[in-house]
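To start, the structure itself, in structure tokens.
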Amino acid sequence: MLPHRSLPITGISIILLAGFLVDSLPVTPAPQTVFTLPSPERTQVLILGGGVAGIIAARTLQERGVSDFIIVEARTELGGRLLSHTFGEAGRDYTIELGANWVQGTYNKDTGRENPIWTLSKKHRIETRESAFFGGIDTYDETGRVNFTAEFKQAEENYDRLVTNADVRVKEHLVDATARTGYSLLGAQPTNHHEVASEYYNFDWEFGQSPEETSWLASSWATTHTFDSDADGFSDVNLMSVDPRGFKTFIQAEAQSFLQSPKQVMLGATVREIAYSSDGVQVHLADGRTLKANYSICTFSLGVLQHKDVVFTPALPDWKQEAIHSMAMGVYTKIFIQFPYKFWFETESALYADRERGRYTVWHSLDHPNYLPDSGLLVVTVTGDFSKRIESLPDAEVQAEVLGVLRKMYPAQAETMPEPTAFYFHRWFRDPLFRGAFSNWPASFLSEHHTNVRANVEERLWFAGEATSKFYFGEDAYIQLSRSAELTRCSQGYLQGAYFEGMDIALEVANCINGNGCVGLEHVEKVRNARPYNI
Ligand SMILES: Cc1cc2nc3c(=O)[nH]c(=O)nc-3n(C[C@H](O)[C@H](O)[C@H](O)COP(=O)(O)OP(=O)(O)OC[C@H]3O[C@@H](n4cnc5c(N)ncnc54)[C@H](O)[C@@H]3O)c2cc1C
Ligand SMILES: *[C@@H]1O[C@H](CO)[C@@H](O)[C@H](O)[C@H]1NC(C)=O
Ligand SMILES: *[C@@H]1O[C@H](CO)[C@@H](O)[C@H](O)[C@H]1NC(C)=O
């Protein structure tokens with residue numbers, strides 16, 4: 001079907017979609033040197049980062065009467081981790097999603113409450129297809145096609161038990177542990193590579209890290225609060241964008257629908273330093289410009305905060321730094337390959353069980369009646385440390401490894417397999433604008449730490465993004481903590497997490513500005529043991 005093809009000239013699509021945003025590129029306020037002097041160049045709010053959190057923060061401020069803001073974004077378009085890419089040989093190219101690709105959870109069947117990402121996708125007519133993650137799946141190992149569907153079903157069941165038993169722990173106020181501990185206590189201990197690959201599909205492929213690296217409780221909440229209507233989540237429906245304009249269109253079109261002036265967006269502006277005080281914020285850009293504001297909402301990824309790409313002056317307080325470095329960034333790498341023709345599985349997905357855990361385990365066929373038929377596109381996903389490993393290799397070496405695996409999966413075709421016509425993957429961990437794919441919650445990360453990741457500093461500097469999205473503990477606490485009407489149990493790691501945080505933090509800042517009181521969010525000065533060590 002032709003509509004799946006990307007527009008041949010991507011420049012046109014950018015202009016169509018982001019119109020005045022691109023025209024607005026040289027927004028150049030005069031450089032300022034004196035910090036405290038009030039001046040007309042001072043902006044009310046600087047929104048740092050133009051991803052989902054930043055854009056929804058902007059919309060929320062504007063709805064509250066604050067239109068004096070600037071979204072400061074390093075890239076030349078808005079969208080952040082909604083990163084579309086044109087891929088394929090000349091004349092046979094498609095729009096692929098290097099970052100977020102699915103609306104994860106659509107709406108709650110009991111309350112009708114919608115995932116706002118689904119709402120926006122409908123509003124801006126994103127073309128999607130429902131993915132059958134646990135529908136038909138073909139299974140392989142190094143000897144070719146091997147049926148380990150039974151192990152795969154067992155792993156799915158094990159994951160369900162992991163989630164259910166986490167709930168029991170919460171009710172009994174038991175301490176957190178790693179998801180590995182949880183699996184082991186439930187007797188789910190993979191003993192061969194078929195079982196390991198099956199577990200990997202259920203766990204690492206969702207969280208971008210291993211069960212050893214991940215909190216048992218938090219991984220379970222992330223699942224239920226996203227996919228389980230009974231637990232106040234949305235639904236287990238995953239809608240994949242196959243829109244030739246790119247999945248990013250839902251947020252770019254939304255931005256265009258409310259932004260009032262080109263001056264509200266500054267593209268191609270890389271932040272190097274954020275200087276803050278009780279009086280305001282000064283942001284220094286890589287090109288030497290300085291921006292001043294009363295308030296700033298920083299939406300850079302947790303990975304960016306963990307690295308040294310952006311300097312805070314003064315250094316962030318100890319409680320903030322401890323929190324930032326106690327949370328983790330998962331990595332999730334989709335490796336795209338195009339072949340002249342399809343020679344692989346007819347199902348949507350396939351599982352390859354290597355002797356090494358996570359070595360090119362999860363495969364998806366985009367050349368499928370449900371997605372991009374006749375595209376010749378195949379995707380293999382790797383995660384966590386394995387992602388970091390391939391990011392350090394040249395493309396040619398990774399391609400050779402991937403083809404080696406395919407030859408093992410299809411031994412009869414090992415000699416006749418066609419050469420790929422295109423090969424591509426994004427290095428999320430090395431990318432200084434992201435430093436990973438999405439945040440993940442380690443077992444040693446306490447809820448107080450998360451409070452501190454989210455907390456503002458000095459009343460002037462605020463933080464929002466998927467990583468700050470808060471889990472709420474129990475229904476009462478949830479209602480008490482929920483400040484905005486639309487706020488739901490949030491989904492750290494997902495697009496909706498970024499959306500809700502952009503909205504909620506902007507409401508706080510709008511309250512400060514509109515004089516309804518600027519109390520700021522709580523933080524925990526020192527995170528201590530509930531009981532002293534006694535060894
Ligand atoms: C590979 C991958 C797959 C994913 N799949 C899904 C999915 O299917 N469904 C789902 O719901 N979620 C998915 N996610 C997660 C989702 O993309 C994120 O949760 C969400 O996009 C985060 O939005 P944000 O606004 O918090 O951060 P970001 O999108 O990271 O926005 C921050 C912005 O800040 C900019 N920036 C960073 N540093 C600087 C600087 N120094 N100066 C200026 N600008 C800077 C960045 O360019 C970026 O635009 C996926 C993510 C990845 C990476
Ligand atoms: C910054 O805050 C001061 C004090 O509240 C206010 O007078 C001023 O108008 C604000 N600046 C901008 C640009 O809104
Ligand atoms: C694989 O094995 C399962 C039982 O373990 C069986 O139900 C299924 O039909 C088999 N699939 C194929 C393609 O042989």
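Figures for the structure shown
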quantity: Residues K308, K388 arranged by fewest to most Cβ contacts within 10 Å; calculated: K308, K388
quantity: In the range 379-462, the GluC sites (Glu not before Pro) that fall in loop regions by DSSP, at most 12 other Cβ within 10 Å; calculated: E415
quantity: Structure-based [θ]222 nm, the chain - -39500 (n - 2.57) summed over DSSP H runs of at least 4, per residue, nearest 500; calculated: -9500 deg cm²/dmol
quantity: Label point distance in nm, N516-T143, each placed 7 Å from Cα along Cα→Cβ; calculated: 6.6 nm
quantity: Relative contact order, percent, the chain [alpha-carbon distance under 8 Å, six or more residues apart]; calculated: 22 percent
quantity: Alpha-carbon centroids, the range 218-252 and the range 305-356: separation in whole Å; calculated: 18 Å
quantity: Order of R528, R460, R389 - criterion: other Cβ atoms within 10 Å of each residue's Cβ, fewest first; calculated: R528, R389, R460
quantity: Exposure proxy order (Cβ contacts within 10 Å, fewest to most) of L372, L351, L495; calculated: L372, L351, L495
quantity: Prolate/oblate/rounded call for the range 50-142, Cα gyration tensor, a/c under 1.5 rounded; calculated: oblate
quantity: Highest to lowest packing among 330-336, 150-156, 449-455, 294-300, scored as the average C-beta count within 10 Å; calculated: 294-300, 330-336, 449-455, 150-156
quantity: Amide proton proximity set for F312, modelled H, under 5 Å, gap of 5+; calculated: I274
quantity: Charge sum, other residues only, whose C-beta stays under 11 Å from D243's C-beta, Lys/Arg counted +1 and Asp/Glu -1; calculated: +2
quantity: When each of K109/K171; K308/K470; K334/K526 is checked by Cα-Cα distance, pairs over 29 Å; calculated: K334/K526
quantity: Placed amide H near I335: partners under 5 Å, 5+ positions off or other chain; calculated: V380, T381, V382
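Bear in mind these aren't lab numbers, they're just calculated from the coordinates by the rules spelled out. This one's a predicted model, so the numbers in the text were calculated from it and none came from an experiment. FYI the Cβ positions are ideal-geometry reconstructions off the backbone, even for glycines, and counts take in every protein chain you see.
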